1. So N25 fits all but one of (1) of a type in the set (S, T, N, Q); (2) more than 20 Å from K137 (Cα to Cα); (3) open to solvent by 30 Å² or more (accessible area, probe 1.4 Å); (4) under 22 Å from the mean Cα position of the chain (by Cα); what number is the exception?
2. Inside the stretch 58-88, can you point out the residues that are outside any helix (DSSP H, G or I), in contact (Cβ under 8 Å) with a residue 40 or more places away in the chain and closer than 23 Å to V15 by Cα?
3. Being touching a Lys or Arg at 6+ places or on another chain (Cβ under 8 Å) and not small (G, A, S) is the filter here, so list the residues in the stretch 53-79 that pass it.
4. The conditions are (1) of a type in the set (D, E, K, R); (2) closer than 29 Å to I22 by Cβ; (3) touching a residue at least 12 places away in the same chain (Cβ under 8 Å), and E106 fails exactly one of them. Which is it?
5. I need a count of the residues in the stretch 104-125 that are assigned to a helix (DSSP H, G or I), under 22 Å from L155 (Cα atoms) and open to solvent by 30 Å² or more (accessible area, probe 1.4 Å).
6. Answer with yes or no whether D142 is modelled with pLDDT of 90 or more and under 30 Å from H32 (Cβ atoms).
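The values are calculated or read from the model by the stated rules, or taken from the named source; none is laboratory data. Everything numeric in this text was worked out from a predicted model, so none of it was measured. In this analysis, Cβ positions are derived from the backbone assuming ideal geometry, glycine residues included, and neighbour counts consider all displayed protein chains. The area values use the complete protein model at the heavy-atom level, side chains included, leaving out ligands, DNA and RNA. Shrake-Rupley method; radii C 1.70, N 1.55, O 1.52, S 1.80 Å.
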Amino acid sequence: VSQSRYQLEIYDFDVTSYYPKIILNQGLYPYHLGPNFLRVYNKIVQTRVAAKQKGDKVTANSLKIVVNGSYGKLGSKFSNLYSPDLLIQVTLTGQLSLLLLIERLELAGIHVISANTDGIVVKPRRSQVEQMQSIVKQWEYDTKYEMEESRYLALYSRDVNNYIAIKKKFDKQNKVWLVKLNLS
């Protein structure tokens, strides 16, 4: 099978530690806990991101529950973190920030095929890839968030939470995306 037939790519961009980064970038903390909350929370978020980058899945996944759970506890009356005003601010900031990126891409004629709470899936024409990358980089600069990129050869979705993706592998050493098809 000719590989050129499979060169169409679908791009998945997820924001790294999105809701925790919103909390930190905006300096949000439950009033009754004071600004020291941010110092402790930032340390946990940074430890998680570093563990993820090192491939330490146990630490990264454990701390993911802690940092995302902390966001969720902003809405729990039974939590010491309870602060519904912050929950709304974080949620709306996240949604509106992603809508800003989607708008920029769509206005450039680059098709966004799916979105969720912390990322988007984009299907650009080959001629639009460089422009898409530029728009994403500008959005990262404007918002102070970072994207993690994955690439798919195909995506079959029933809805945003139920899908099958045929993923491309990234060779970190050579910094290239690989196409490995096993058609036997």
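1. Evaluating N25 over (1) of a type in the set (S, T, N, Q); (2) more than 20 Å from K137 (Cα to Cα); (3) open to solvent by 30 Å² or more (accessible area, probe 1.4 Å); (4) under 22 Å from the mean Cα position of the chain (by Cα) leaves (2) as the failure.
2. Looking only at the stretch 58-88, we keep the residues that are outside any helix (DSSP H, G or I), and these are 74-83.
If we keep only those that are in contact (Cβ under 8 Å) with a residue 40 or more places away in the chain as well, we get 74, 80-83.
L74 - this is the single residue of the stretch 58-88 that is outside any helix (DSSP H, G or I), in contact (Cβ under 8 Å) with a residue 40 or more places away in the chain and closer than 23 Å to V15 by Cα.
3. Start the filter on the stretch 53-79 by keeping residues that are touching a Lys or Arg at 6+ places or on another chain (Cβ under 8 Å), which leaves 59-60, 63-64, 66-67, 79.
Across the stretch 53-79, the qualifying residues are T59, L63, K64, V66, V67.
4. If we test E106 against (1) of a type in the set (D, E, K, R); (2) closer than 29 Å to I22 by Cβ; (3) touching a residue at least 12 places away in the same chain (Cβ under 8 Å), just (3) comes out false.
5. First, the residues of the stretch 104-125 that are assigned to a helix (DSSP H, G or I): 104-107.
From what's left, under 22 Å from L155 (Cα atoms): 105-106.
Filter once more, keeping what is open to solvent by 30 Å² or more (accessible area, probe 1.4 Å): 106.
Residues that pass the stated criteria total 1.
6. Values: modelled with pLDDT of 90 or more: yes; under 30 Å from H32 (Cβ atoms): no.
No; evaluated as a whole, the condition is false for this residue.
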